[in-house]
Each structure stands twice: as structure tokens, then as C-alpha cells.
Amino acid sequence: SREPLHSRQFEKWIKNGYSILEYGCGIAPISHSLLNVGTKRNLNITIADIRQINFHYAIHRLGTAINYFEIKPYENSIQKEKYNVILMITVMEHLPNPLDTVKNITAGLKPNGIFIFDYILGDGDGQDTIEAVEQRGIVLKYINEHYKLLSGHLLENKSMGTTVCRLK
């Protein structure tokens, strides 16, 4: 929310009328930016996160302009082939089951769907999980095998910035 133009870096991958999921949204900075200063129109935006104050604030702040659902840990199912773009920004390093989450969440991509994510290399301390550290290699291998890399890098030994892939 302090970066009103936050969505501009992602708009290259978004077309008018697209269905977007901001997964692990926190206060939903990308969705907020898309709605308020974005150049794309008629977007069907959904936000999702675990039950916590930032998510409640995002729902309140965005109101009826978006759809939302609560993430329940270890229950990653979402509707199949619903989204043109799924964003997981500053999320992967916090997941207790990153491989299962990526598999299940990206099942929600429509054919030729776009998956935009980053993956901070942590040590499993604080809000980061040891599972995110331990599964990093197999998560990136899965992505490499099922997606075409459009932008960014799949890096196992250091933090990755914004990475964009298209479903093969």
C-alpha cells in the first residue's frame, strides 16, 4: 500500500479481463495497486491468505471489488483452471509444504496461465520455514519441468527476484 505503483511490474503479464489470484497476499499490495492505479480493466481479482490481521485489513480495504478465500495450512486446493495469472510474492519461504502448495495452487491456472513468484533463500528462522529451505531444490525442479521460464531465474543457491513462468 505504500507502493501505489506496485502492480506496474506485473501488468506486462496481465491482459484486460483476466482472472488474477494474489496468493499469500498479506495486505494485498498488488491487488490494491491494480484496482487503483493499474492500466488493466475488467479484472476478476481474488486474494487469499491465512487468517491474520493483514488479510482481514485487505478484505476490508478492497471491499466488494475483489473475491477472497482463506488459506488453511496443509489444505491447498483451489478451483481448477480458474485463473489467468497467479502471484505468490514473498510467500514461498514461509510455506510449511512448498512443493504441495505450488502443485495445488498452480492447478488453478488456465491453459497457458502465468505463474509469478519469488523465492527468498532463508535459513528457516523466524517466519521462514525449514521445509521451504529443504524443499527448495525439488520445488524449482518441478517448476522447471512444468513451466516455461519467461522472465527471471530459477536459482537454488540464492534468493530469486520476480520470476515469471507460463504453464507448458
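The values are calculated or read from the model by the stated rules, or taken from the named source; none is laboratory data. On a predicted model such as this, the values are computed, not experimentally measured, just so you know. Using ideal geometry, Cβ is built from the backbone for each residue, glycine included, and neighbour counts are taken over all protein chains shown. What goes into the accessible areas is simple: the full protein's heavy atoms, side chains included, and nothing from ligands, DNA or RNA. Shrake-Rupley method; radii C 1.70, N 1.55, O 1.52, S 1.80 Å.
Roughly speaking, what is the stretch gain from E156 to N16, that is 0.36 nm per residue apart minus the C-alpha to C-alpha distance, in nm to one decimal? All intermediate terms of the calculation are to be shown ahead of the outcome.
Values: separation 140, 0.36 × 140 = 50.40 nm, distance 3.40 nm.
Length gained, E156 through N16: 47.0 nm.
Once C-alpha pairs closer than 8 Å and six or more residues apart are averaged by separation and normalised to the residue number of segment 11-72, the relative contact order reads 37 percent.
Rounded to the nearest angstrom and listed largest first, the equivalent-ellipsoid semi-axes of the chain from its Cα gyration tensor are 23, 18, 15.
Taking the Kirkwood radius as Rh and the Cα radius of gyration as Rg, segment 2-78 has a ratio of Rg/Rh equal to 0.96. In straight-distance terms, cross-link reach from K40 covers every one of the lysines whose alpha-carbon lies under 23 Å from its own, apart from those fewer than eight places away in the same chain; here that gives K12, K15, K82, K110. Based on the Cβ-Cβ distance from N112 to R8, what FRET efficiency comes out when R0 is 25 Å, to the nearest 0.05? The pair N112/R8 has a calculated efficiency of 0.65.
Relative contact order (percent) for the chain, with alpha-carbon contacts under 8 angstrom and 6 or more residues of separation? Write out the running numbers ahead of the final one.
Details: 343 pairs, mean separation 30.6, N = 168.
With pairs under 8 Å counted, the relative contact order is 18 percent.
Only the Cβ atoms of Lys and Arg (+1) and of Asp and Glu (-1) were treated as charged; on that basis the dipole of segment 10-93 about its Cα centre amounts to roughly 300 debye. For segment 17-168, a simple Cβ point-charge model (Lys and Arg +1, Asp and Glu -1, everything else neutral) yields a dipole of about 820 debye relative to the Cα centre.
Surface analysis of the chain yields an accessible area of 52 Å² per residue, using protein heavy atoms and a 1.4 Å probe. Distance between the pseudo-spin-label points of E81 and K40 (7 Å out from Cα toward the beta carbon): 2.0 nm. The orientation-averaged projected area of the convex hull spanned by the Cα atoms of segment 55-140 comes to 6.2 nm².
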